[in-house]
Amino acid sequence: MSSERKVIQEQMRRVLLKDYLVRESARAGFGGLDITRTPMGTRVTLICERPGILIGHRGELIKRLTEDIHQRFQLDNPQIEVQEERQPSLNAQLMSEKLASTLERGWHFRRAGHSTVRRIMEAGARGCQVILSGKLTGERHRTERFKAGTIKYCGEAVHLWIDKGFYQARLKPGVIGVNVWIMRPTAKLPDEIVVKGVEERPKPTPELPPVEEAAAGPAEAPAEAPPGAPEAL
């Protein structure tokens, strides 16, 4: 088998494995997947919002999931590691799933999109973008965008600082695609320049108005002369 076919088969296996794990960990809140080959086998790292649901009592569910992965996808000694997502509002995959479930519950797409953008920005993100595509209001397909903050579309900043998530909302008119892009709070953009070795200039102190002297009080009346004293001429 040629090397090109091996690469294509490996990528297809990863895509199918991701789709399978998304379905199996829907109740736990799927937040991401990382597949790494090690000398001991294949390590699969799952990021979930509620890892206890995926692990089960005494690890029974995670053991069953490991056996299913080994039989279906023929991975060498798969080892599944579950991690908890500490900041779910900054995870693009989790937010796309939450937005899709919100649409399935009957929310209007504009209200749901603005609410998701506001929640992401309040969590500290530098920017976010929500794209909804499908039969939103009528029979024709359309696309709506909701954006706030700073978002990059190309270059190195996209690969380093942009987190992308995708999910599908299944409604009666049809399927709506939900794309969420989040720029992380720690993003350092190339156009942000900091000059080192230059001290900040001290801020000028505002001049206070001169203090006016206290007005002189009323003149004191002259003391009365004692009785019997000669009057002044």
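No value in this document is a laboratory result; all are computed from the given coordinates. The shown structure was predicted, so the numbers you read here are calculated from the model rather than taken from an experiment. Neighbour counts run over all protein chains shown; Cβ positions are idealised from the backbone, glycine included.
Against the chain, whose longest principal axis comes from its Cα atoms, helix 109-122 is set at around 60 degrees. Beyond 23 Å in Cα-Cα separation lie the following of the pairs K152/K188; K98/K164; K98/K135; K63/K164: K63/K164. Spacing of the modelled spin labels on R170 and R142, each 7 Å from Cα toward Cβ, amounts to 2.6 nm.
Amide H to amide H distances under 5 Å link G31 with I47, C48, E49, where only residues 5 or more positions off or on other chains count and H is placed in the peptide plane.
Remark: spin-label model distance L189-V15 equals 3.3 nm, labels positioned 7 Å along the Cα→Cβ axis.
For the range 99-135, list residues with backbone N below 12 Å from a point placed 7 Å from the Cα of Q87 toward its Cβ? Of the residues in the range 99-135, 120-127 have backbone N under 12 Å from the label point off Q87.
Just so you know, the Cα atoms of the range 6-85 work out to an Rg and Dmax of 12.1, 38 Å. Relative to the longest principal axis of the Cα atoms of the chain, the long axis of helix 60-73 lies at roughly 50 degrees. Cα centroids of the range 71-129 and the range 4-29: 18 Å apart. Exposure proxy for W181, W107, W161: other Cβ atoms within 10 Å of each Cβ, ordered fewest to most, give W107, W161, W181. Inverting the pair-averaged 1/r between distinct Cα atoms of the chain gives 23.1 Å as its Kirkwood hydrodynamic radius. Sorting the segments 91-102, 46-57 by their mean number of nearby beta carbons within 10 angstrom, highest to lowest, gives 91-102, 46-57.
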